Amino acid sequence: MEPKTGFCRQTGNYSCLRPPIPLQPINQPLSAAEFCFSIFNSTFTDGATTFSVNTTTGETLSYSQFVSQVRSLAYSLQQRYSLCQNDVAFILSPPSIHIPVVYFALLSLGIVVSPANPLSSNTEIAHQIQLSKPVVAFVTSETSHKIPSLTHGTILLDSPEFLSLLTQSNIVNGLTKSVKVNQSDTAAILYSSGTTGRVKGVMITHPKLIAMMTVIHHQNTNQGQEQEELHPLSLFTVPLFHVFGFFMLLRAFLMDETVVFKDRFEFEGILRAIKKYKITYMPVSPPLVMAFTKSELTKKYDLNLIMFLRSGGAPLGKEVTERFKEKFSTVELIQTGGGATKVIGPEEAGRYGSVGRIAENMEGKIVDPETGEKLPPRWRGELWLRGPTVMKGYVRDEKATAEILDSEGWLKTGDICYFDSEGFLYVVDRLKELIKYKAYQVPPAELEHLLHSHPEIVDAAVVPYPDEEAGQIPMAYVVKNPGSNITEAQIMDFIAEQARKTVAPYKKIRRVAFITSITRTPAGKILRRKLINHSLSHGLSKL
C-alpha cells in the first residue's frame, strides 16, 4: 500500500491510512439506539443540559427528559399498539423536539424508521408507502390526510394523546418485553432523492449506523482536552428525513450537542437563530453555503461563535469553498462524503473541494465505467465502496439492488470521483448526469461551480439539451442577482473564458435561460429531470 494515498497497485483498492477501529461483534444483539445509550454521557441526566430546542414553538427538551421520553414511548408502543420487531413506522412531520424521541424509541424496539418529506404530494407518499409497507404512521394534523389506512392507524404528534405516551416512565423503568435487535435487521428505510428517476427506498441496517457512530465516538474520545470550552450548539436546517440529517441527528447525541431545530429555510431567519442561540456548529446543504458566501445580510449579525459548518447531501464546489473561507476565515467548512469518507483534524479539513480520505474500516476503488478497469490516483472513474457502512440495498427492488451491489460487497456509488496524490477524494459529478457532448463527457457540476463564481449569479444548474450535431449540449439555468443586467451572451463568454483557464475547452455553456429559482430537493440536490422537461418545451438562447 502506498503510504501517501493508501492505494494498492496489486489490488487496485484504496484503504484508510489510519488504523482500523474495533467494531461491535456482528452476532451480538444490539440496536443503534441502545449503542448510543451505552456510551451516553451520564452527567447529563441531572436535567440541566438541553438536548433540543424548537425555534418555532420555543419548546425545549433536556437530555434527561429525552432519555425518559424515549423509554416511555417505547413502552407505550409495545403496550398500546402491539408493535413488533421489524414492523415499519412511517414518519411524516416537520422537524420538532418529538422527532428524535420517535426515532430512538422505534430503533430501540427494532422497528424500522421510515421518514419522508412532509411536503411530498399524495402521489409521492403513496409510492413510498407502497415500497416500505408501514403498519403505523407518526404524523401531524397537517400531514395526516396524506396517509392511507394502516394496520395500527396514525399517531398525531401534535395531540394530547401522543404527549401521554411520553409520560409512562414513572410507571416503568424499562421495557416490559425484552427486545433483542439483530444487527442484521433493517434500522431505517430512507428514500432516494429521485433527481434522475423514481424514488427508491434505501435500507440502512443497525450495524451500518453503529459503525458510523463508532467512528464518531472514537473521534470524540480522542479529542479529549482539545474539545472546545463552549458547549456545542447545532442549528439544524437540513431535513431529518434525509440520510444526511438522519445521521447528523445521531451524531449530535453522541457529541453531547444541543440541537436547535428550524423548520423554515429563510436565510435571515437562520442568521437570527445563529445569533440568538449562540450556534457553534451547523450541518448544512450546499445552497446554504452559497447563501453565506454571497449574501450581504451576514454583515448584520454576529456569527463569531460558529466554528464548524459540515456540508452534505450534494457536492460543494472548490470555488464556493474558497470564497466562503475568504469571508469566514475562522470557520472550518467540511464537506461530507457519506459513510465512505471521514475528515479528521484540521490538516484534512483544509483540503478545499475534497470530501476527505477513506474512513477507518472502509475500502474504495475507482473503476472505469466502460471497461471495468481499476484506476490509479488522479484518474477519474466511478467510486466503488466496501465496508460496514455500505447500505443493505433497495427495499422490494432486487433488480436495482443487484445493479449497484456486487457479489463481493462492493457498492457502485454512481459518483464520478478521483483520488489525488495524497489520497484525498474528490467528487466530480453523478455518472448518470454526465452530458454527452460529441465524443466528450461534460460533468454539469464543473460548469455549475464556474457559474457560481460569477458575482452576479445567485444560483445555477446545468442540464443536457438535445442537439442534432453534438448529441447533447450543456445548457444553463441561471438565477441572477436582483437588479443584475447580465445577458445570456455575457454568461457564455464568461464560462468560455473560465474554461480556457481551468477546464477543457469543450466544456462550455451553449444555451442559457434565466429563472427565478433552481428546483432542488430539501437536501440541496438539483432536480435536473424537471429542468430538462422545462428546457424541451421552451425556446432559448443558443451559442
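Every number here is computed from the coordinates shown, using simple stated rules; none is lab data. Computed from a predicted structure; not experimentally measured. Backbone-built Cβ (ideal geometry, glycine too); neighbour counts: all protein chains shown.
Distance between the 7 Å Cα→Cβ label points at Ser184 and Asn220: 3.0 nm. Cross-link check: pairs Lys146/Lys412; Lys294/Lys501; Lys374/Lys525; Lys146/Lys436 evaluated at a Cα-Cα cut-off of 30 Å; pairs beyond the cut-off: Lys146/Lys412; Lys146/Lys436.
Once the Cα-Cα distance is subtracted from the 0.36 nm per residue extended length, the Leu17 to Phe267 segment shows a gain of 86.1 nm.
Full extension of the chain between Glu34 and Thr519 yields a length gain of 170.7 nm, computed as 0.36 nm times the residue separation minus the alpha carbon distance. Shown for Arg351, Arg264: other C-beta atoms within 10 Å of each C-beta, ranked fewest to most, produce the order Arg264, Arg351. Residues whose amide H comes within less than 5 Å of that of Asp459, counting only those at least five positions distant or on another chain, are Val479 (H built at 1.01 Å from N in the peptide plane). Built from the Cα atoms of region 32-212, the convex hull projects on average onto 10.9 nm², one quarter of its surface area. Here region 403-543 is treated as a sphere whose radius is the Kirkwood value from Cα pairs; by Stokes-Einstein at 4 °C and 1.567 mPa s it diffuses with a coefficient of 80 µm²/s. The Cα trace of region 1-109 gives Rg and Dmax of 19.9, 58 Å, the first to one decimal, the second as a whole number.
The spacing between region 444-516 and region 382-427, judged by their C-alpha centroids, is 30 Å. Kirkwood hydrodynamic radius computed over the chain comes to 24.5 Å, based on all pairs of distinct alpha carbons. Residue by residue, region 480-494 carries 3J(HN,Hα) couplings of 7, 4, x, x, 6, 10, 4, 9, 4, 4, 5, 5, 5, 5, 4 Hz when phi is fed to the Karplus relation 6.51 cos²θ - 1.76 cosθ + 1.60 (θ = phi - 60°); x denotes Gly or Pro. In the chain, the longest principal axis of the Cα atoms and the axis of helix 267-277 are about 40 degrees apart. In region 434-542, what % of DSSP beta bridges are antiparallel (nearest 5)? Bridges in region 434-542 that DSSP calls antiparallel: roughly 80 percent.
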